[in-house]
Every structure is written in structure tokens, then in C-alpha cells.
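Peer 1: This is the structure, below, for whatever I ask next.
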Amino acid sequence: GLPAAGKSTFARALSHQLQQERSWAVGVVAYDDIMPDAFLEEASARPLPTQWKLLRQELLKYIEYFLLAVINGCQMAAPPNRTEAMWEDFITCLKDQDLISSAAHEAQSCYLLTKTAVSRPLFLILDDNFYYQSMRYEVYQLARKYSLGFCQLFLDCSLETCLQRNGQRPRALPAETIHLMGRKIEEPNPEKNAWEHNSLTIQSPACPSEASPKLTDFLLTALENPVKYVEDNVEQKETDRIICSMSILHQADQTLRRIVSQTMKEAKDEQVLPYNLKLLAEELNKLKAEFLEDLRQGNKKYLCFQQTTGISDVISSFHYEKDNIVQKYFSKQH
């Protein structure tokens, strides 16, 4: 959902309700509490879009390390390559919710799970805007990798309400940021993306008790129907990948050309300077070429999927990278 849509308030209330009424183990991972401060301490500046993407992926890796410990019933190891401040915030997050112990072993970079963490069921609530489908798809991939339950809650809140709430916050976001996200946000689309079929839209403001029992049934469905990871025959999988790549390569080429063309038109409408228009065109065409090559080679750089996916996933990922580039040029005009 959008900033100030009520996600964090809803997540905390949902966690409390599930623990009190169902005795389920719940952990809330609030991205805003773990990522920004970690970066600002080390760089003294707001992260660039590409750096922000890397931080998101790093946090997801932390979550994977925790899940591995839960699944295998062992201690949680610390990733060898990590942003120390962000890792410490993640550890604090787990400790505060009684998911890992405050006892020793930290010197050895190992953390003991608590009884709460190894309870069944265990729900992890990831609290973030997740405004691009590609951001959510990474979480889905993680669930699929370990055959875990996966679902999405979308808090539908009007832009006006979000702007009003944001203005009342001590650390308010710039209104332009919320307007921009309002234009970019990609709501769950189960008809288009099969992996999004387990999605629920809730009108904000709302509290979990108002959404029950529909919400509880929704979560139970996700719990009882984990995403299946099918081990395919390696040779067959590679053959399928090549066939699939060839079939969508032509579509991708045509679609990405149209996106680049439309973006350049918007840049001209924004009165971007001619010299910057030239640079923007070069960057976008380079990105398009890299994406197509990525698609030919089996999705290694941008399209980090376990198998070649449909054209919609390619487009979603391209939009994400394209927007990172565009921000450098359009923002200069405001």
C-alpha cells in the first residue's frame, strides 16, 4: 500500500490479534525500521534507487537465514557479507518479538531461536510499500524455494487520506513522493499473475478485527496451501527455458521499444534539456539491450527468476529499472 495507508498500524494489530486469539507465533519485519537508518549511518545520504534495491535484497537474505534456522531447527547464522547496522537492526527486531534469544553465541555470529520461533504455525508479516510487483515476486520466490505459505494484503487507501495522514507525521515524506508512488503502484493482479492469486484487498482505515473472519480464513488458506517448488528434470527444464525465451523475446523487444519511446515522449513533455534527453535515450536503449541479452542468456542480471517467466514479469522488472534511470533526469526539472 501507499505510504501512510496504515500498513504498520494494521500489521501490529494483526500480530497482536493472531497471538492473542489464535496463539500463533508472529513476527513483524518493518522495512522502514531496518533499512534507512542503517544506510544513513554509513553513507550520510539517502540511498540511490539501485542501492535501495540492493538493500531490499539484502534484507530478504536476512529473512532467508532466519527461515533456514526455523526450518532446520538450528541456530541462525549471520550472513558473511552484510551491512552491520542493518543486520543489528534486524537482530533487534527478532529479539524484541521473542524470536531469537538474547543469550550468548553472538560473538560467534550465531543466534539461538526461542520456543516462540519454532512454534507452529509461525507467521512473518513483511511491512513495506511493495509498490512494484517485482518486489513482491522476490518474496514469493523465497516462499516457493522452501515450500512455505505466501499471501499478500493490500491496504487500499485514497491518495488524499494518505497525504493528510503523512502531513501529521513527525518525519513526513515529501508530498511529491506519495504522488509519484500513487502513479506507480501496481496493485495485486491475480488474473494477470497466477502467483498473486492469494491476495486480499482491505479498505483503509481498518483494523484486523473488522476484517475477520475473512482475514483469518485467508491466512489459514495460505498456511495450509504452501507454494510448491517442483524439481524438474534439468535437461527438460533447460529445453523449456530456451523455447520459452524464444517465444517471449520478440514480444519483449517490441514492448520495451514502445516503453522507451513513450518515456522519451514524457521526458520531452517535462521539458528535459536536449543534452539530458540524449543521455537519457542512451541509458534507456542500453538498458533495453541488456534486458534482451539477459533474456537470451537465461535471466542472470535483472531477471533473477528460477525459470523464464512471462512477458508481464519482464515488463515489470524493466519498468523498475527504467524508473531508477528516469528519476535522475526528470527530478532536475522540479
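The values are calculated or read from the model by the stated rules, or taken from the named source; none is laboratory data. These numbers were taken from a predicted model, which means no experiment stands behind them. Positions of Cβ are backbone-derived with ideal geometry, glycine not excepted, and every protein chain shown enters the neighbour counts. The area values use the complete protein model at the heavy-atom level, side chains included, leaving out ligands, DNA and RNA. Shrake-Rupley method; radii C 1.70, N 1.55, O 1.52, S 1.80 Å.
Peer 1: Could you pull out the residue among L112, L99, L94, L153 that is out of contact with any helix residue (DSSP H, G or I) (no Cβ under 6 Å at 6 or more places or on another chain), crowded, with 19+ Cβ neighbours inside 10 Å and more than 29 Å from K214 (Cβ to Cβ)? Break it down into steps so the answer makes sense when it comes.
Peer 2: Details: L112 fails: crowded, with 19+ Cβ neighbours inside 10 Å; L99 fails: more than 29 Å from K214 (Cβ to Cβ); L153 fails: more than 29 Å from K214 (Cβ to Cβ).
Residue meeting the stated conditions: L94.
Peer 1: Another question about this same structure. Picking from E84, E138, which residue would you name as being of a type in the set (D, E) and surrounded by 14 or more Cβ atoms within 10 Å (Cβ to Cβ)?
Peer 2: The conditions single out E138.
Peer 1: If a residue must be assigned to a loop (DSSP other than H, G, I, E, B) and in contact (Cβ under 8 Å) with a residue 60 or more places away in the chain, how many such residues does the stretch 89-119 contain? Steps first, answer last, please.
Peer 2: Going through the stretch 89-119, the residues assigned to a loop (DSSP other than H, G, I, E, B) turn out to be 97-99, 101-105, 109, 112, 114-119.
Going one step further and asking which of them are in contact (Cβ under 8 Å) with a residue 60 or more places away in the chain, we end up with 97, 99, 116-117, 119.
Total meeting the criteria: 5.
Peer 1: What are the residues in the stretch 146-172 that are within 24 Å of the chain's Cα centre (by Cα) and small (G, A, S), if any?
Peer 2: The answer is S147, G149, S158, A172.
Listed here are the residues, each with its yes/no results for (1) under 18 Å from the mean Cα position of the chain (by Cα); (2) open to solvent by 80 Å² or more (accessible area, probe 1.4 Å); (3) at pLDDT below 75.
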site	(1), (2), (3)
T9	no, yes, no
R12	no, yes, no
Q19	no, yes, no
S23	no, yes, no
A30	yes, no, no
L40	no, no, yes
A43	no, no, yes
Q51	yes, no, no
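Peer 1: Something else about it: Kindly indicate whether L148 is among the hydrophobic types (A, V, I, L, M, F, W, C), farther than 18 Å from Y31 by Cα and open to solvent by 40 Å² or more (accessible area, probe 1.4 Å).
Peer 2: So L148 fits the description; yes.
Peer 1: While we're here: What's the number of the only condition in (1) in contact with a Cys (Cβ under 6 Å, 6 or more places away or on another chain); (2) touching a residue at least 60 places away in the same chain (Cβ under 8 Å) that Q75 fails to meet?
Peer 2: (2)
Peer 1: Let me ask you something else. Cβ-Cβ below 9 Å, separation at least six or inter-chain, first residue in the stretch 257-271 and within 16 Å of Q327 (Cβ to Cβ) and in a helix (DSSP H, G or I), second open to solvent by 70 Å² or more (accessible area, probe 1.4 Å) and not polar (S, T, N, Q): which pairs?
Peer 2: none
Peer 1: If you don't mind, there's one more thing I want to ask. When you check K228 against the structure, is it assigned to a loop (DSSP other than H, G, I, E, B) and at pLDDT 80 or above, yes or no? Step through it out loud before you land on a result.
Peer 2: On the way: assigned to a loop (DSSP other than H, G, I, E, B): yes; at pLDDT 80 or above: yes.
So K228 fits the description; yes.
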